[in-house]
Every structure is written in structure tokens, then in C-alpha cells.
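Here is the structure we will look at, set down as C-alpha cells.
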Amino acid sequence: MATALVAAACRQGIQARFFTTSALVMMLRRAKDEDRLDKELAALAKNQLLAIDELGYLPIDTEGARLLFQVIADGYEKRSLIITTNLEFSRWGTVFGDDNMAAAVIDRLVHHGRLLQFRGESYRVKNALMK
């Protein structure tokens, strides 16, 4: 769904980007290492919609969590954000490595956000070739 929303936004001329969490963190870390983090954050800020997929699927170290927090905090009340995860909020402290940072992210997301929960059988499992 996140991919489809980003694609639909782009078709309507809305600047939007889709990232897996790990790809976004790696991009930000590389930008920081190459002393161009401000430029990369400015490029992200030009988007009206950012989708961050698979939050919590792969571990994020402390620096990566801070960089991800910066993207989320910088976009607060400025752009739309989609985050996909299979983790309930109570487990986000493990993703960010810090309960306070996780609480700050959650606080920003729930202020104007909507939570969509998908339940039931996985589409991929339902349509799997291996049965």
C-alpha cells in the first residue's frame, strides 16, 4: 500500500520518495561520512511525502537511529509520512535503542497520524507458488 501511495502521489506531480528503513539509514550514514548530510536532508525535505518501509525488520545502531529520528522530526507538521512496521509501539524502543527517542518519534506520528492495521492472511502467503 505504501508503494502504491507513493506511486500515485508521483503520478499527480507530488514529490514523494519510498525507502526501506535500512536503505534510508545507509544513505544517511553515507552522506554523514562524506560530509554531505545537510545536503541529503535538504533533498529529502523537498518531498511532500516520504514512505519508510519495514521499520524494525533489521536492527539499527545508535547513529542510524539518530539519523532516522532526524528525518522524522524534521518532517513533523511539514510533510506526510508513511511508516510500515509489524511492531507495536511498545517495542519501538528496541528499534531506536532508546525508549525516550522512540517515544518522541511516536509522539510526532500519532499527533496528526492515522493507524491502519492489516489483519488476516498474508497476500503473499495466500498467493504463494509453493503450497
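Residue-wise test of (1) without any contact (Cβ under 8 Å) to a residue 24 or more places away in the chain; (2) of a type in the set (Asp, Glu); (3) closer than 19 Å to LEU109 by Cα; (4) in contact with a Leu (Cβ under 6 Å, 6 or more places away or on another chain).
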{"site": "ALA8", "(1), (2), (3), (4)": "yes, no, no, no"}
{"site": "ARG30", "(1), (2), (3), (4)": "yes, no, no, no"}
{"site": "GLU40", "(1), (2), (3), (4)": "yes, yes, no, no"}
{"site": "LEU44", "(1), (2), (3), (4)": "no, no, yes, no"}
{"site": "ASP53", "(1), (2), (3), (4)": "no, yes, yes, no"}
{"site": "ALA65", "(1), (2), (3), (4)": "no, no, yes, no"}
{"site": "LEU68", "(1), (2), (3), (4)": "no, no, yes, no"}
{"site": "ASP74", "(1), (2), (3), (4)": "no, yes, yes, no"}
{"site": "LYS78", "(1), (2), (3), (4)": "no, no, yes, no"}
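Scanning the range 23-62 for residues that are outside any loop (DSSP other than H, G, I, E, B) and more than 22 Å from LEU116 (Cα to Cα) yields a total of 21. Are any of the residues in the range 47-65 more than 13 Å from the chain's Cα centre (by Cα), farther than 30 Å from TYR123 by Cβ and not β-branched (Val, Ile, Thr)? Looking for residues that are more than 13 Å from the chain's Cα centre (by Cα), farther than 30 Å from TYR123 by Cβ and not β-branched (Val, Ile, Thr), one finds at least one in the range 47-65, hence yes. Only one of the numbered conditions (1) more than 22 Å from MET26 (Cβ to Cβ); (2) hydrophobic (A, V, I, L, M, F, W, C); (3) touching a Ser or Thr at 6+ places or on another chain (Cβ under 9 Å) is not met by ALA102, and that is (1).
Considering the range 47-84, and only residues there that are among the hydroxyl-bearing types (Ser, Thr, Tyr) and over 23 Å from CYS10 (Cβ atoms), the residue that is least open to solvent (accessible area, probe 1.4 Å) turns out to be THR62. Here ARG91 fulfils each of the conditions (1) open to solvent by less than 70 Å² (accessible area, probe 1.4 Å); (2) touching a Gly at 6+ places or on another chain (Cβ under 8 Å); (3) among the basic types (Lys, Arg) apart from (1). Of all residues in the range 13-46, those satisfying the criterion of being closer than 21 Å to GLU77 by Cα and open to solvent by 40 Å² or more (accessible area, probe 1.4 Å) are GLY13, ILE14, GLN15, ARG17, PHE18, ASP38, LYS39, ALA42, ALA43, ALA45, LYS46. Here ASN100 fulfils each of the conditions (1) within 18 Å of MET1 (Cα to Cα); (2) modelled with pLDDT of 95 or more apart from (1). Counting the residues of the range 112-131 that are surrounded by 10 or more Cβ atoms within 10 Å (Cβ to Cβ) and assigned to a loop (DSSP other than H, G, I, E, B) gives 1.
The values are calculated or read from the model by the stated rules, or taken from the named source; none is laboratory data. Just so it is clear, the structure is predicted and the values come from calculations on it, not from any experiment. Here Cβ is always computed from backbone atoms with ideal geometry, including for glycine, and neighbour counts include all displayed protein chains. The area values use the complete protein model at the heavy-atom level, side chains included, leaving out ligands, DNA and RNA. Shrake-Rupley method; radii C 1.70, N 1.55, O 1.52, S 1.80 Å.
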